[in-house]
Ligand code: AP5
Ligand code: MG
């Protein structure tokens, strides 16, 4: 069994957090905890949390800190202790960073790395607006950067149905980015002080970004 690592992938919308998390899940056997995915599942299920999340996500604003931590904690509890965690899209505010310390400590986990994906905002809008996923297995694609090998057919599961996120339009993306700059970027110094931050060039090709992250994490 490999070392148990718990890491944060930090970066603005479209930085490649989900893309890189998927690679780390394969290489390191870690578990991805994307708070965005968790909220989208709640929207799909039509729960009260989902109804609130739907409204907030469509605006590009952030879901309330305390409730987000409570939901995240429930998901953490479902993951075996010998699996490392990838926090994708969490924390996003200073209070969330503090809440995460508590969530980890009460589960005897430590934070090993904060990987910052450094990117160019304007290029991100293109990334996000062109993004789509397989409606069946969730495999990710892009109109320009990552098309299926056979047009219109998912590489992974063969489905011919794809979907786009309702918050992937330019206006909402700009709000999501403003939220990132105002509330998420300021948490970097918290982790810098602890010596946990490694910055990676998120504008490089997907494989190169993966290699850079793998070099930071070390042998699986
Ligand atoms: P969330 O789902 O987390 O969205 P996000 O942070 O806006 O980030 P994205 O998922 O859009 O981007 P990504 O970094 O995962 O990029 P990806 O790998 O897909 O959150 C959505 C909403 O939920 C928030 O706005 C908020 O309302 C709410 N929420 C979530 N978490 C919350 C929290 N903790 N607290 C409060 N509210 C919360 O890549 C994008 C595209 O680019 C893909 O098509 C990909 O193929 C392509 N790509 C990736 N890397 C590269 C590369 N190196 N080169 C070229 N193309 C690339
Ligand atoms: Mg994502």
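Taking the range 65-101 only, how many residues are without any contact (Cβ under 8 Å) to a residue 24 or more places away in the chain and either buried (at least 19 other Cβ atoms within 10 Å of the Cβ) or part of a helix (DSSP H, G or I) (or both)?
The total comes to 5.
Just the residues that are touching a residue at least 24 places away in the same chain (Cβ under 8 Å), in contact with a helix residue (DSSP H, G or I) (Cβ under 8 Å, 6 or more places away or on another chain), closer than 14 Å to residue 164 by Cβ and near ligand 1 (Cβ under 8 Å from one of its atoms), please, taken from the range 111-142.
128, 140
Quick one: which of 4, 25 is assigned to a helix (DSSP H, G or I) and more than 8 Å from ligand 1 (Cβ to nearest atom)?
When all the criteria are applied, what remains is 25.
Which residue out of 138, 195, 158 is within 15 Å of ligand 2 (Cβ to nearest atom) and outside any helix (DSSP H, G or I)?
None of the other options fit; the residue is 138.
Counting just the residues of the range 1-17 that are out of contact with any strand residue (DSSP E or B) (no Cβ under 6 Å at 6 or more places or on another chain) and under 17 Å from residue 172 (Cβ atoms), which one comes out farthest from ligand 2 (Cβ to nearest atom)?
12
For the range 34-57, how many residues are more than 10 Å from ligand 1 (Cβ to nearest atom) and not in a helix (DSSP H, G or I)?
2
Quick note: the coordinates plus some simple rules give every number you see, no bench work behind them. It should be emphasised that the depicted structure is a prediction, and the values quoted were computed from it without experimental measurement. Ideal geometry is used to build each Cβ from the backbone, glycine not excepted, and the neighbour counts take in all protein chains shown.
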